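First comes the structure, then the notes that go with it.
The values are calculated or read from the model by the stated rules, or taken from the named source; none is laboratory data. If you're wondering where the values come from, they're calculated on a predicted model, not measured in any experiment. Cβ: placed from backbone, ideal geometry, glycine included. Neighbour counts: every protein chain shown. Surface accessibility is based on the protein's heavy atoms, side chains included, excluding ligands, DNA and RNA. Shrake-Rupley method; radii C 1.70, N 1.55, O 1.52, S 1.80 Å.
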Amino acid sequence: MTHAPRIPLIAGLPLAVAAGLAIPVQGRINGALGARLNDGIAAAVVSFTTGLAVMIVVSLVLPRGRRGLAQILPALRERRFPPVYVIAGGIGAFFVFAQSFTVGLLGVALFTVATVTGQTLSGLLVDRLGIGPAGKKSVTGIRVLGTVLTIAAVAWAVSPRFGGAGAGGAGEGGADPAQLLLPVLLPVIAGFLMSFQQAMNGMATVHYGTPIAATLVNFISGATVLWLVWLIKLAVAGAGTGLPSEWWYYLGGPMGCAFIGLGALLVRSLGVLVTGLGMIAGQLLGSLGLDLVLPAPGTVVALPTVLGTVLTLGAIVLATLPWPRGALKRQPGR
């Protein structure tokens, strides 16, 4: 096992925010690719395959990547961590599929609220169970309050987009809420599983000695799952449209490399909940930046979006500061 130094909160939290910046951009790209191909599974396959190609090159070119490669099989043979952690990439595959399949139906706003709700709740659970390399972390009143405020703030920040959410016209014709149940449930489940993925990748990183190897294994397992599912779909329903020629459709995978790798690196020092909250802050900031720089048709940056983003940052600070025990309890004599 490699005992890498832990990253202090003051440095790790900004890195988590930076990793989260890639998520809305990836979501926009994968959602557009899914609509272009008329096949959400094919879009997820393209995203994971390009990400896998990037990780293979990085693993072979960088000395640290080659050292990590040499540790993968010994770590698995010696069962230095539960072998099931190898399938963490399947969770990533499910998340990318949920992006590709539902962003066009729900819009970025509802997709964001659904994933954030699942991720923040499971972040508390994973930290409490001690699945990640940071060990068990208590579920304190401050952490619960910060989690609830984060979900509320994200909902407030994206609320102006609910009226026109979804390419499928969720806001234009007033789509039946029952028809949105499954599309909403998919990102909630994907968000809930993301915390487990980060914990598994973080534990694997400790034993491989580098997040490069953990990210590579992540993309191998995820790409394998997606290719099998897509081949079954191809046999049953046939192929969608051909691959687009525009280069930017293929950036989703490399962006996934960035936030999966950083997440695997940070959970050992920050824990799963704090890493996830930092990424959520980056996700909101990235969404706001996209709306300002490259707005989708009909997008308007409203005051609740800005204020909700600021409140999210405040909620994350509340949840991550080292508050003394009993900080929410009434003091004697008051």
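I'm checking a number: the convex hull volume of the Cα atoms of the range 84-151, normalised per residue, in Å³. What is it?
Here the figure is 81 Å³ per residue.
Among the helices of the chain (complete DSSP H runs), which have Cα atoms covering no less than 15 Å along the helix axis and a Kyte-Doolittle mean of at least 1.6?
9-20, 40-61, 141-158, 211-237, 272-293, 303-320
Across the range 209-319, how large is the tail of the calculated P(r) beyond 22 Å, expressed as a percent of all Cα pairs?
Everything past 22 Å amounts to 56 percent.
Among Val116, Val272, Val61, which one shows the highest mean-square fluctuation when the chain is modelled as a Gaussian network with alpha-carbon springs under 10 Å?
Val61
With only alpha-carbon atoms in the gyration tensor, what are the semi-axes of the equivalent ellipsoid for the range 35-77, in Å, largest first?
So the three semi-axes of the range 35-77 are 30, 13, 4 Å.
So what is the calculated 222 nm ellipticity per residue for the chain, using -39500 (n - 2.57) for each DSSP H run with n of 4 or more, over all residues, to the nearest 500 deg cm²/dmol?
Computed ellipticity for the chain at 222 nm equals -25000 deg cm²/dmol.
Considering only protein heavy atoms, what per residue accessible area in square angstrom results for the chain with a 1.4 angstrom probe?
45 Å²
Express in nm, to one decimal, how much length is gained between Ile232 and Leu294 on full extension, taking 0.36 nm for each residue of separation and deducting their alpha carbon distance.
Result for the pair: 18.7 nm of gain on full extension.
Using a Gaussian network model on the chain with a 10 Å cutoff between Cα atoms, which of Ala35, Ala204, Ala239 fluctuates the most?
Ala239
Which one of Val154, Val84, Val306 has the biggest mean-square fluctuation once the chain is modelled by GNM with Cα springs under 10 Å?
Largest GNM mean-square fluctuation: Val84.
Could you run the Debye sum over the Cα atoms of the range 199-249, one equal point scatterer each and no solvent, and tell me log10 of I(q)/I(0) at q = 0.14, 0.18 Å⁻¹, two decimals?
-0.59, -0.74
What per residue convex hull volume, in Å³, comes out for the range 37-170 when only alpha-carbon positions are used?
Measuring per residue, one finds 142 Å³ for the Cα hull of the range 37-170.
Can you tell me the mean projection area, over all orientations, of the convex hull of the range 62-109's alpha carbons? Units nm², please.
5.2 nm²
Tell me the label-point distance for the pair Arg66, Arg128, using the 7 Å Cα-to-Cβ offset, in nm and rounded to one decimal.
Once both label points are built, they end up 4.7 nm from each other.
Give me the percent of the accessible area of the chain that comes from carbon and sulfur atoms, probe 1.4 Å, all protein chains in place.
The C+S portion of the solvent-accessible surface of the chain is 72 percent.
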